Amino acid sequence: MPCYNEELTVGKVIDDFHRVLPEADIWVYDNNSSDRTGEIARAHGAHVRFEPRQGKGNVVRQMIRDIDADYYLMVDGDDTYPAEEAPKLLQPLFDDVADHVVGDRLSNGTYGEENKRAFHGFGNDLVRWLIKVLYGFEFNDVMTGYRAFNRVFAKTLPVLSPGFEIETELSIHAVDKRWRISQVPIDYRDRPEGSESKLNTFSDGAKVLRMIFSLLKDYKPLSFFCILALVAIVIGLILGIPVVGEFMATGLVPRIPTAILAVAFCGLGCLFFTCGLILDTIVKGARRQWEIDVVRAYEDGK
């Protein structure tokens, strides 16, 4: 449970999960809270760790390194995700039909009814659409903080994002590495009065969009550089076609700078495409090694 200034709700969340999952160990990571979050969490029976690097992604990175478990359930400490939904998220893992389970707030409409923050729904829809277009998988809810995953997924997850982009990174990693994904509809409730969201709609939204395209470059370099190549070649053609037309009509090239610029853009497009081919080969080699590492992680867990 990553927490930053959640003294109003953290105690209730811990008590709820102790009641619903009495056999679970509850870990709270205090991410530089200026209130009594850590103290209250400890008093309610949670294992409390302090994470000095600010940002949810930094917390998740350290959580995965510290905690060794068969199954992991990640939830925010703001009491927006009911503990009663936890068994539904864990069941696909217990049944061995999923490696990564997403708590879907959107399908049953509770997020739209409860969420009072402007543009959050639009941002979620935009990110979902981009992932569908760029990565070929349709998530019902990308930005949810209620997730479950098994040990091998956790121990082979390279967390790169420092902040709220972590949910997007988890989703894209699961799709790119062909993990078994299950989407479970859950109820959602808005924060209680007095509790404030730490998410900045525009600045954190911009970080999420950057993360999507950064991971596209890392995971699918051929697609990424083909897009750049297409843009460069289209610009080159727009500049070059009138020059070619004049040459065909008059036999002259009066606009030499434009002709040079057109050739440069077309050459740049070819260079982008070549870079994409080379990096795609490297990524495929890294993917083969990653698959071997996953097999070893399965063997280590037995």
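The values are calculated or read from the model by the stated rules, or taken from the named source; none is laboratory data. Note that the structure is a prediction, hence the values are computed from the model and not measured. Note that each Cβ is placed from the backbone with ideal geometry, even for glycine, and that neighbours are counted across all protein chains shown. What goes into the accessible areas is simple: the full protein's heavy atoms, side chains included, and nothing from ligands, DNA or RNA. Shrake-Rupley method; radii C 1.70, N 1.55, O 1.52, S 1.80 Å.
Heads up, I need the accessible area for L8: 1.4 angstrom probe, whole protein in place, Å², nearest 10.
Solvent-accessible area, nearest 10 Å²: 110 Å².
Taking Cα centroids, how far is region 151-191 from region 243-265 in Å?
51 Å
Just subtract the alpha-carbon distance of D35 and D15 from 0.36 nm times their residue separation and send over the number in nm, one decimal. Numbers along the way, then the final one.
Values: separation 20, 0.36 × 20 = 7.20 nm, distance 1.92 nm.
Here the answer is 5.3 nm.
Residue by residue through region 98-108, what is 3J(HN,Hα) from phi via Karplus (6.51 cos²θ - 1.76 cosθ + 1.60, θ = phi - 60°)? Round to whole Hz and write x for glycine and proline.
Running phi through 6.51 cos²θ - 1.76 cosθ + 1.60 with θ = phi - 60° gives 8, 9, 9, 10, 10, x, 8, 7, 8, 4, 8 Hz.
Tell me, what HN-Hα J-couplings in whole Hz come from the Karplus equation 6.51 cos²θ - 1.76 cosθ + 1.60 at θ = phi - 60° for each residue of region 207-216, using x for Gly and Pro?
5, 5, 5, 4, 4, 4, 6, 5, 5, 4
If DNA, RNA and ligands are ignored and the probe is 1.4 Å, what is the ranking of R128, R255, R19 by accessible area, most exposed first?
So the residues, ranked largest to smallest area, are R19, R255, R128.
Percent relative contact order of the chain, based on C-alpha pairs within less than 8 angstrom and at least six residues apart?
Once normalised by length, the contact order is 17 percent.
Roughly how many Å² is the accessible area per residue of the chain, as a whole number, for a 1.4 Å probe?
Values: 15220 Å² over 302 residues.
Value for the chain: 50 Å² per residue.
Long-range amide H contacts for E6: which residues qualify at under 5 Å (H placed 1.01 Å from N, peptide plane, sequence gap of 5 or more or a different chain)?
Result for E6 returns T37.
5 Å is the cut-off here: which amide hydrogens, built 1.01 Å from N in the peptide plane, fall below it relative to Q183, excluding neighbours closer than 5 in sequence?
It is V102, by chain and number.
Angle, helix 166-176 long axis vs. longest principal axis of the chain, Cα atoms, 0 to 90°, nearest 10?
60 degrees
I want the antiparallel fraction of DSSP beta bridges within the chain, as a percent rounded to 5.
Around 40 percent of the beta bridges assigned by DSSP in the chain are antiparallel ones.
Going down the table (K155/K207; K88/K220; K88/K284), which pairs top 29 Å between alpha carbons? Mind dumping the intermediate values first?
Values: K155/K207 25 Å; K88/K220 33 Å; K88/K284 35 Å.
Checking Cα-Cα distances, K88/K220; K88/K284 exceed 29 Å.
For Rg and Dmax of the Cα atoms in Å, the listed values are (i) 18.9, 61; (ii) 17.9, 56; (iii) 23.9, 87; which was obtained by calculation from the structure presented?
(iii)
Treating only the Cβ of Lys, Arg, Asp and Glu as charged (+1, +1, -1, -1), what charge dipole size does the chain show about its Cα centre? Round to the nearest 20 debye.
Values: 34 positive and 43 negative charges, 278 e Å.
Charge dipole of the chain: 1340 debye, to the nearest 20.
Please give me, ordered by residue number, the GluC sites (Glu not before Pro) of region 1-103 that lie in loop per DSSP and have at most 16 other Cβ atoms within 10 Å.
Passing sites in region 1-103 are E23.
Tell me the mean residue ellipticity at 222 nm calculated for the chain from its helices only (DSSP H runs of n ≥ 4, each -39500 (n - 2.57), averaged over every residue, nearest 500).
So the calculated ellipticity at 222 nm is -18500 deg cm²/dmol.
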